[in-house]
Amino acid sequence: WQTRIVSGNELSDQELQWARELYMNVARKNLELNVFALPMSVFRGFSQSPAWEYILLYLPVESGGPVDGRPVAIGVSHTPGEAYRPLVAGVDYRYLWPTEDHDVSTYRQLLLQAVRRARTLGKSTIHLGMGAPLEKRRFGATRQQVSAFIRSEESYASAQLLEFAQQHGNPKTSQKAC
């Protein structure tokens with residue numbers, strides 16, 4: 001694996017477009033979380049701000065990587081303060097699984113590079129976000145309970161939300177929730 005860390009205006013428009021395409025691969029496939037289709041302007045904003053950095057992960061051609069040399073995964077992280085916060089991940093699913101030369105999945109390798117980068121920067125905490133808990137536990141992550149509160153102006157939507165939560169969500173959800 002080859003890794004490139006960039007911040008500032010180091011990425012071309014073409015590289016930023018590819019980063020967004022990799023992100024959209026994950027956004028379309030991730031059914032565990034409601035992921036929004038971030039516009040291109042957000043990716044440009046990340047690249048223009050010193051508070052954000054890109055981790056670009058490359059799989060060499062001789063190891064089965066793309067012949068055009070583009071990254072097979074990207075991560076975008078917020079770096080100020082004591083914590084390192086990977087916010088956006090993108091993966092080329094054609095190169096997701098291990099190869100003969102690389103026995104680690106692309107996503108796991110991206111997580112590893114984020115952890116290494118946080119350590120290099122001397123960060124005391126890494127906020128890995130939600131989703132993919134098994135992969136994150138392999139790096140010592142611990143789960144934290146997260147709650148969301150919703151205010152509804154009418155009861156029909158509240159009743160539907162409660163029914164959905166009871167069928168698909170937290171078994172602790174009760175009538176008191178609405």
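Can you compute the charge dipole magnitude of segment 38-119 about its Cα centre, using +1 on each Lys and Arg Cβ and -1 on each Asp and Glu Cβ, nothing else charged? Give it in debye, rounded to the nearest 20. The partial results should precede the final answer.
Values: 8 positive and 8 negative charges, 76 e Å.
The calculation lands at about 360 debye.
Please report the carbon-and-sulfur percent of the accessible area for segment 12-56; probe 1.4 Å, protein heavy atoms only, DNA, RNA and ligands left out.
Values: 1390 of 2530 Å².
About 55 percent, which is the carbon plus sulfur part of the accessible surface.
Sorted by packing (mean other beta-carbon atoms within 10 Å per residue), highest first, where do 38-46, 70-78, 20-28 land? Let's see the in-between values first.
On the way: 38-46: 15.2, 70-78: 23.8, 20-28: 17.7.
Ranked by mean Cβ neighbours within 10 Å, highest first: 70-78, 20-28, 38-46.
Would you please put 90-96, 11-17, 108-114 in order of how densely packed they are, using the mean number of other Cβ atoms within 10 angstrom per residue and starting with the highest?
Details: 90-96: 18.3, 11-17: 14.4, 108-114: 20.6.
The most tightly packed comes first, giving 108-114, 90-96, 11-17.
The values are calculated or read from the model by the stated rules, or taken from the named source; none is laboratory data. In this text, all values refer to a predicted model and were calculated from it rather than measured experimentally. Cβ: placed from backbone, ideal geometry, glycine included. Neighbour counts: every protein chain shown. Keep in mind that these areas ignore ligands, DNA and RNA; they rest on the heavy atoms of the full protein, side chains included. Shrake-Rupley method; radii C 1.70, N 1.55, O 1.52, S 1.80 Å.
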